[in-house]
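**Q** Before anything else, here's the structure in question.
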Amino acid sequence: MILSPAPFLFLRAFLAAALLGQSFVAMSAESPVGGKLLLTGGVSQIEGAAGGGLTPWAVIGGYGTREQFGVNVHTTFVRTQDYSLGAYGVTVGLADRVELSLSRQRFDTRDAGTTLGLGRGYAFNQNIAGAKVRVLGDAVLDADTWVPQVAVGAQYKHNEQGAVLDAIGARGDSGVDYYVSATKLLLAQSILLNGTVRMTRANQFGLLGFGGDLNHRHQPQLEGSAAYLLSRQVAVGVEYRQKPNNLGFAREQNAYDAFIAWAPSKHVSLTLAWLSLGDIATIKNQSGVYLSAQAGF
C-alpha cells in the first residue's frame, strides 16, 4: 500500500509555520500577530493564495503587519450539477511582505465519470505550492493615494493522474502559473478593486493537466475582483477569471462568481458564492455553490 505524501507535506507546513512564528515573536516586542484591519487579508483563494475565491489579490494572507506574521488554514467545497471539488490548505504570511501556501484539491467526477469513460466517482487530485511577494504599495496605508498594492506570485501545480491526463491529450501533469496582482482599497468608499494577469497553460486550473493539442505555451489570462464592504465584518462582490483553450476535445469558458464573505473576528471567516465555470470536459454549463471556511490569525 502506497500512502499519499500530502498529509505529511501539510504536517511539515504547520511545523514550519510554528517555527517561523517563534522567530517573529522573538524579533517583535509587540504583539506578534493580528495588527491588520478586518478582511484586509482577503479570504482563501481556490488554489491557496490570499484573495477572493477565484483569483489572488496583492494582499498577504493573515493579519500580521510588517513586524508580525499570520497563519491561516482553509477548506473549500464546490458543487456543480455534475462535479464536486474539495480543497484544503495552509497559508503563512511573513512581515506583510511574503506569503507561502500549500493546498490540495480533489476533483470528483461523480456520475459524469461514467459518461467520460473514467468510471463513476473517478477523482483527480492536485497539489499546489504557492509563493507571493509584495513589491509595491500598501493597500491600507496608501488608501488615500492612487498607488495600489502590487504583488508578484507563482503557483506550482502537480496533478497525480498523469496517465489519464496523457490519454485526454494534456501535454503534462505539472505546471507553474505566474501572476501579477494589483489591489486598490478605497476606504472612504468601502470598495476594494483587484486586477490580476496570470501566465498559465493549465487546463481547468490544472485539474485536467497542462497544455494540449491546441496550445502548449503559457498564455496571459486576465482576472478581476470588485468587493463592497457592507460593514466591518461583511463584504459582497463579484469576480471574473479567464481560462485558456488548450484541449481540442474540451473547450473552456471563462469563470465568474458572486460572493458574500463574513468575518465575525480575525480568527474566522466564511465565504459563500454562486460560481459559474462553463463547460468542463464536454459536460455543459457547470455552475453551483462555492463554500469556504478560513481560520487563523
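**Q** At 222 nm, what value in deg cm²/dmol follows for the chain if DSSP H runs of at least 4 each add -39500 (n - 2.57) and the sum is divided by all its residues, to the nearest 500?
**A** On the way: 3 runs with 32 residues, N = 297.
Rounded to the nearest 500, it is -3000 deg cm²/dmol.
**Q** I would also like to ask the following. Local charge sum around residue 224 (other residues, Cβ-Cβ under 12 Å, Lys/Arg +1, Asp/Glu -1)?
**A** Details: positive: 184, 198, 241; negative: 223, 239, 257.
Surrounding charge for residue 224 is 0.
**Q** If we count every other residue with Cβ under 15 angstrom of residue 237's Cβ, Lys/Arg +1 and Asp/Glu -1, where does the sum land? It would help to have the intermediate numbers written out before the result.
**A** On the way: positive: 184, 241; negative: 223, 239, 257.
Taking every Cβ under 15 Å from that of residue 237, the sum is -1.
**Q** With springs only between Cα atoms under 10 Å, which of 59, 147, 176 fluctuates most in a Gaussian network model of the chain?
**A** Fluctuation is largest for 147.
**Q** Of the candidates 237, 248, 86, which one comes out as most mobile in a Gaussian network treatment of the chain with C-alpha springs shorter than 10 Å?
**A** Most flexible of the set in this elastic network: 248.
**Q** Using a cut-off of under 14 Å, list every residue of region 34-78 whose amide N is near the label point 7 Å from the Cα of residue 180 along the Cα-to-beta-carbon line.
**A** Only 58 fall inside the zone, counting backbone N under 14 Å.
**Q** Tally up the carbon and sulfur contribution to the accessible surface of the chain as a whole percent, 1.4 Å probe, everything protein left in place.
**A** Details: 8380 of 12960 Å².
Roughly 65 percent of what the probe reaches on the chain is carbon or sulfur.
**Q** Enumerate the calculated ³J(HN,Hα) couplings along region 122-136 in order (Karplus 6.51 cos²θ - 1.76 cosθ + 1.60, θ = phi - 60°), each rounded to whole Hz, writing x wherever the residue is Gly or Pro.
**A** Karplus-based 3J(HN,Hα) across region 122-136 equals 4, 10, 9, 10, 9, 10, 10, 10, x, 9, 9, 10, 6, 10, 7 Hz.
**Q** For the Cα atoms of the chain, what angle does the longest principal axis make with the long axis of helix 6-27, in degrees from 0 to 90, nearest 10?
**A** 10 degrees
**Q** Report the full-extension gain for the segment residue 75 to residue 135: residue separation times 0.36 nm, less the Cα-Cα distance, to one decimal in nm. Display every interim value, and only then the final one.
**A** Details: separation 60, 0.36 × 60 = 21.60 nm, distance 2.82 nm.
Going from the current span to full extension adds 18.8 nm.
**Q** Counting other Cβ atoms within 10 Å, keep those with at most 10, restrict to DSSP loop, and tell me which chymotrypsin sites (Phe, Trp or Tyr not before Pro) in region 106-152 are left. Numbers along the way, then the final one.
**A** On the way: sites: 107, 122, 124, 146; in loops: 122, 146.
Filter output for region 106-152: 146.
**Q** Can you return the lysines within cross-link range of residue 132? Criterion is Cα-Cα under 16 Å, with same-chain partners fewer than 8 residues away left out.
**A** 157
**Q** Further, regarding this structure: For the pair residue 236 and residue 249, how long in nm is the line joining their label points, each one 7 Å along Cα→Cβ?
**A** 4.3 nm
**Q** Please tell me which of these pairs span more than 26 angstrom C-alpha to C-alpha: 243/284; 36/184; 184/284? Provide the component values of the computation, followed by the final result.
**A** Working: 243/284 16 Å; 36/184 16 Å; 184/284 35 Å.
Those over the limit are 184/284.
**Q** If you average the sequence gap of Cα pairs under 8 Å that are 6 or more apart and divide by the length of region 135-277, what percent do you get for the contact order? All intermediate terms of the calculation are to be shown ahead of the outcome.
**A** On the way: 340 pairs, mean separation 23.6, N = 143.
Relative contact order for region 135-277 comes out at 16 percent.
**Q** Further, regarding this structure: I want to check the label-to-label distance for residue 114 and residue 289. Put each point 7 Å from Cα in the C-beta direction and report it in nm to one decimal.
**A** Each label point lies 7 Å from its Cα, and together they span 2.4 nm.
The values are calculated or read from the model by the stated rules, or taken from the named source; none is laboratory data. Since this is a predicted model, take the numbers as computed values, not measurements. All Cβ positions, even for glycine, are placed from backbone atoms using ideal geometry, and neighbour counts span all protein chains on display. With ligands, DNA and RNA removed, areas are computed over all heavy atoms of the protein, side chains included. Shrake-Rupley method; radii C 1.70, N 1.55, O 1.52, S 1.80 Å.
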